[in-house]
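K.L.:
First, the structure itself, so that you have it in front of you.
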Amino acid sequence: MNPKVETLIKNAIEKNDVLLFMKGTREAPSCGFSARTIEVLESLMNEFSTVDVLAHPEIREGIKEFSSWPTIPQLYVKGEFVGGADIIGEMYESGELQKSLGLAPDDAEPPKITITPSAQEALQGYIADSNEVVLLEIDSDFQPGLSIGPAPQMAILSKDKDITIALDRLSATRADGLVIDFIDTKEGKAFKLNNPNEPGKVKDLTVSGLQGKMERQEKLRLIDVRRPDEWDKARIEGAELLDSSLAEQLAELSKDTLLVFQCHHGHRSARAAEQYVQQGFKEVYNLVGGIDAWSQEIDPKISRY
């Protein structure tokens, strides 16, 4: 391989105790395998480093040759190659990953899950034999998936009303207190999962809605996520430009603080707002149409661009 690329890779591995070569960044993974691996690592530790191979094509190809491993992501711990996404996932479920990271073994507690009588009756109708259980998966967006089948070998098992629910470790950390119900809907009977751990969602806020909140003097922080050059062209009075200093301030706020995010048209701010929901903020809004809509509908003195 190219000696310069090999040196870059070696230096990066030597300088970082835990290093993940991935597609995208830790905050914005660009493939499902990288996203899943980030989920696993973040469930175990705060401090680890990543390399975005999409931003460095020479490393994207070089790391495959360096490790003799054909896929990405790839994890290195204290200079040693651990494996790709599947191996990392298997090691996490077995507890071997925790050991390789120097962490104390975590005996995952089965989450408390409640099955209503109507859900119990429905699930028993789907379970064909004694070897089958309810398979429950909850992804990083807290979207659940229910199916029936044999319990995976390393699954975490929860039980209620003689029905066994099998979960992987990540799903188990998101399921405590969950209630499985079976209800009437417009389309007919359906399972409904009520999960108290599910974070809030970003809410849309019209420019007139924001104007009303301001006139009522509601306590809110209006966060502008545009570039500094856009900020210099036009801004809403009372808005704050998001930079590293403001980000640090926001991280220290009460999670009950009302946050409104805005950009030029509302697209970038929607993505930024999602990040703060994931941080646990309960009242997070995205300004629909952004400052452009504010200029057209509320304050025409603000220049458009």
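The values are calculated or read from the model by the stated rules, or taken from the named source; none is laboratory data. Everything numeric in this text was worked out from a predicted model, so none of it was measured. Because the Cβ atoms are built from the backbone with ideal geometry, glycine has one as well, and the counts that use them run over all protein chains shown.
K.L.:
Tell me the residue from Glu283, Glu274, Glu248 that is exposed (fewer than 14 other Cβ atoms within 10 Å of the Cβ), out of contact with any helix residue (DSSP H, G or I) (no Cβ under 7 Å at 6 or more places or on another chain) and not aliphatic (A, V, I, L, M), please.
P.N.:
Unique residue meeting the criteria: Glu248.
K.L.:
Among (1) assigned by TED's automatic domain parsing to the domain that holds Asn46; (2) under 22 Å from Asp168 (Cα atoms), which single condition is Phe81 missing?
P.N.:
All conditions pass for Phe81, except number (2).
K.L.:
I'm checking my understanding of the structure. Among residues of region 212-228 that are in contact with an Asp or Glu (Cβ under 9 Å, 6 or more places away or on another chain) and exposed (fewer than 15 other Cβ atoms within 10 Å of the Cβ), which one is nearest to Gly95 (Cα to Cα)?
P.N.:
Looking at residues that are in contact with an Asp or Glu (Cβ under 9 Å, 6 or more places away or on another chain) and exposed (fewer than 15 other Cβ atoms within 10 Å of the Cβ), I get Pro228.
K.L.:
Search region 150-176 for residues that are hydroxyl-bearing (Ser, Thr, Tyr) and pair each with any residue that is surrounded by fewer than 21 Cβ atoms within 10 Å (Cβ to Cβ) when their beta-carbon atoms are under 6 Å apart and the residues are at least 6 apart or on different chains.
P.N.:
Listed pairs, sorted by first residue: Ser158/Pro110; Ser158/Pro111; Thr164/Leu157; Ser171/Glu137.
K.L.:
Right, here's the next one. Among Gln153, Gln143, Gln124, Gln98, which is at pLDDT below 95 and touching a Leu at 6+ places or on another chain (Cβ under 8 Å)? Give the steps one after another, and end with the answer.
P.N.:
Numbers: Gln153 fails: touching a Leu at 6+ places or on another chain (Cβ under 8 Å); Gln143 fails: touching a Leu at 6+ places or on another chain (Cβ under 8 Å); Gln124 fails: touching a Leu at 6+ places or on another chain (Cβ under 8 Å).
Only one candidate passes the filter, namely Gln98.
K.L.:
Considering Leu259, Leu253, which residue is of a type in the set (A, V, I, L, M, F, W, C) and either surrounded by 15 or more Cβ atoms within 10 Å (Cβ to Cβ) or closer than 14 Å to Asp204 by Cα (or both)?
P.N.:
Residue meeting the stated conditions: Leu259.
K.L.:
Run Asp162 past the list (1) under 24 Å from Leu178 (Cβ atoms); (2) loosely packed, with under 14 Cβ neighbours inside 10 Å; (3) at pLDDT below 90 and report the number of the one that doesn't hold.
P.N.:
Just one mismatch for Asp162, condition (3).
K.L.:
Sticking with this structure for a sec: Can you tell me which condition Gly188 does not meet? The list is (1) touching a Cys at 6+ places or on another chain (Cβ under 6 Å); (2) small (Gly, Ala, Ser); (3) over 22 Å from Ile291 (Cβ atoms), and all the others hold.
P.N.:
Looking at each condition in turn, Gly188 falls short on (1).
K.L.:
Given (1) at pLDDT below 95; (2) under 10 Å from Leu20 (Cα atoms), where does Arg36 come up short, assuming only one miss?
P.N.:
Of the numbered conditions (1) at pLDDT below 95; (2) under 10 Å from Leu20 (Cα atoms), the odd one out for Arg36 is (2).
K.L.:
Restricting the search to region 185-208, which residues are without any contact (Cβ under 8 Å) to a residue 24 or more places away in the chain and either among the hydrophobic types (A, V, I, L, M, F, W, C) or under 14 Å from Phe261 (Cβ atoms) (or both)?
P.N.:
Correct list: Ala190 only.
K.L.:
Given the criterion closer than 18 Å to Leu97 by Cβ, modelled with pLDDT of 95 or more, surrounded by 15 or more Cβ atoms within 10 Å (Cβ to Cβ) and in the same structural domain as Tyr126 (by TED's automatic domain parsing), identify the matching residue among Leu178, Leu167.
P.N.:
The unique qualifying residue is Leu167.
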